[in-house]
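A.B. asks: Mind having a look at this structure? Questions to follow.
The values are calculated or read from the model by the stated rules, or taken from the named source; none is laboratory data. Just so it is clear, the structure is predicted and the values come from calculations on it, not from any experiment. Neighbour counts are summed over all protein chains in view; Cβ atoms, including those assigned to glycine, are modelled from backbone coordinates with ideal geometry.
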Amino acid sequence: MDKKEDQDILNELKRKHAALMPSNQFKNELEDKLILKFSKKRNFTSLIPAFGLSLASIIFFILFINSEALLTNTMNIPSEPPQVYILHTHNYESFVPDLENLTASDVPVEEAQHHDLNITLVGEYLSKQLHDNGINAIQEKRDVQSDLLNKGWMYSKSYDISRIYTNEVLKQHDSIELILDIHRDSLPRNRTTMKYNDEDVARIVFVVNGNHSNYQPNLSFAEKLNQRLEEYHPGLSRGVILRQGAFTNHNYNQDLSEKSILLEIGGPENTIEEVNKAAGFLAEVIVEVLKEK
């Protein structure tokens with residue numbers, strides 16, 4: 001194992017630490033395995049136990065430092081009561097230009113998925129923009145698609161998983177005013193992109209479901225955000241879509257709040273950078289509207 005491989009392992013551990021809860025038995029077994037592995041590969045046997053213990057200690061420290069996040073279902077919890085809850089029901093939705101060695105013509109839309117480079121990075125950026133402007137937000141870090149796999153459920157049950165998450169968050173944080181389920185659309189680039197100040201920016205569409213009795217407050221709030229976005233950044237929004245009727249299988253869990261909106265930002269041919277630009281403009285509008293109360 002060379003230095004690059006060592007660093008790759010440590011970087012991966014840092015990225016994954018909030019999703020792990022190692023037992024003492026695991027830590028002891030890991031230390032033993034590391035000692036055995038390095039004793040086979042290297043000749044300086046006298047240094048092996050100390051090295052193994054040190055590396056195991058580093059791993060334990062990485063896993064331990066965010067114990068608060070582990071106890072709060074791996075969400076980013078601000079110090080002040082959160083006002084916005086950001087989640088991603090289809091959390092692996094990705095962007096082809098950011099996927100290595102692929103082009104839009106190579107990958108069908110339904111396969112533009114990635115475990116790490118996906119729409120959750122946009123939610124993370126939006127959360128930070130809101131926080132920097134005085135609105136506390138929490139972003140869901142649990143993995144809907146992984147939970148589907150563990151339960152043996154089909155992709156169509158994604159909203160059943162995110163409903164569980166949302167109910168738990170609302171129970172824990174009665175300060176939540178706005179729920180944003182952020183997706184990327186499946187439309188081609190010419191429909192999901194605009195020029196703004198000579199830069200390519202992804203476009204946004206607000207989606208409200210009407211298959212429940214209390215959808216009107218959601219629709220009104222979506223229309224307010226859309227109107228304000230159009231006022232400040234004409235063309236950035238693709239409007240508000242009301243989905244209802246027999247052909248709509250889900251209500252997107254929007255019956256759980258009077259300010260719950262599904263957002264489609266960009267499409268598979270956009271870059272994460274282009275989508276983040278749109279999220280930044282959206283954050284300005286959300287901050288302004290929430291502070292008007």
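A.B. asks: All but one of (1) over 22 Å from the mean Cα position of the chain (by Cα); (2) modelled with pLDDT under 95 hold for residue 242; state the number of the condition that does not hold.
C.D. replies: Here residue 242 meets the rest and fails (2).
A.B. asks: Whether any residue in the stretch 216-225 is surrounded by fewer than 18 Cβ atoms within 10 Å (Cβ to Cβ), assigned by TED's automatic domain parsing to the domain that holds residue 130 and either under 18 Å from the mean Cα position of the chain (by Cα) or not in a helix (DSSP H, G or I) (or both) is what I want to check.
C.D. replies: There is no residue in the stretch 216-225 that is surrounded by fewer than 18 Cβ atoms within 10 Å (Cβ to Cβ), assigned by TED's automatic domain parsing to the domain that holds residue 130 and either under 18 Å from the mean Cα position of the chain (by Cα) or not in a helix (DSSP H, G or I) (or both).
A.B. asks: If only one of 175, 158, 127 is touching a helix residue (DSSP H, G or I) at 6+ places or on another chain (Cβ under 8 Å) and at negative phi, which one is it?
C.D. replies: Criteria check complete, one pass: 158.
A.B. asks: Under 6 Å between Cβ atoms, at least 6 apart or on separate chains: pull out the pairs that start in the stretch 269-293 with a residue that is closer than 15 Å to residue 182 by Cβ and in the same structural domain as residue 197 (by TED's automatic domain parsing) and end on any residue that is charged (D, E, K, R) and in a helix (DSSP H, G or I).
C.D. replies: 272/98; 285/228
A.B. asks: Filter the stretch 226-244 down to the residues that are part of a loop (DSSP other than H, G, I, E, B) and under 19 Å from residue 276 (Cα atoms) and list them by number.
C.D. replies: Listed by number, the residues that qualify are 233, 234, 235, 236.
A.B. asks: Can I ask one more? For the stretch 70-104: of the residues being polar (S, T, N, Q) and modelled with pLDDT of 95 or more, which is farthest from residue 188 (Cα to Cα)?
C.D. replies: Here the residue is 83.
A.B. asks: Mind checking which helices (runs of 4 or more DSSP H) fall wholly inside the stretch 120-189 and carry at least 3 residues that are at pLDDT 95 or above and under 19 Å from residue 281 (Cβ atoms)?
C.D. replies: Of the helices (runs of 4 or more DSSP H) lying wholly inside the stretch 120-189, those with at least 3 residues that are at pLDDT 95 or above and under 19 Å from residue 281 (Cβ atoms) span 120-132.
A.B. asks: Are any residues in the stretch 189-215 surrounded by fewer than 16 Cβ atoms within 10 Å (Cβ to Cβ) and polar (S, T, N, Q), and if so, which ones?
C.D. replies: 190, 197, 213, 214
A.B. asks: Please find, within the stretch 113-134, the residue that is nearest to residue 165 (Cα to Cα) out of those that are of a type in the set (A, V, I, L, M) and surrounded by fewer than 22 Cβ atoms within 10 Å (Cβ to Cβ).
C.D. replies: Applying the filter and picking the extreme gives 121.
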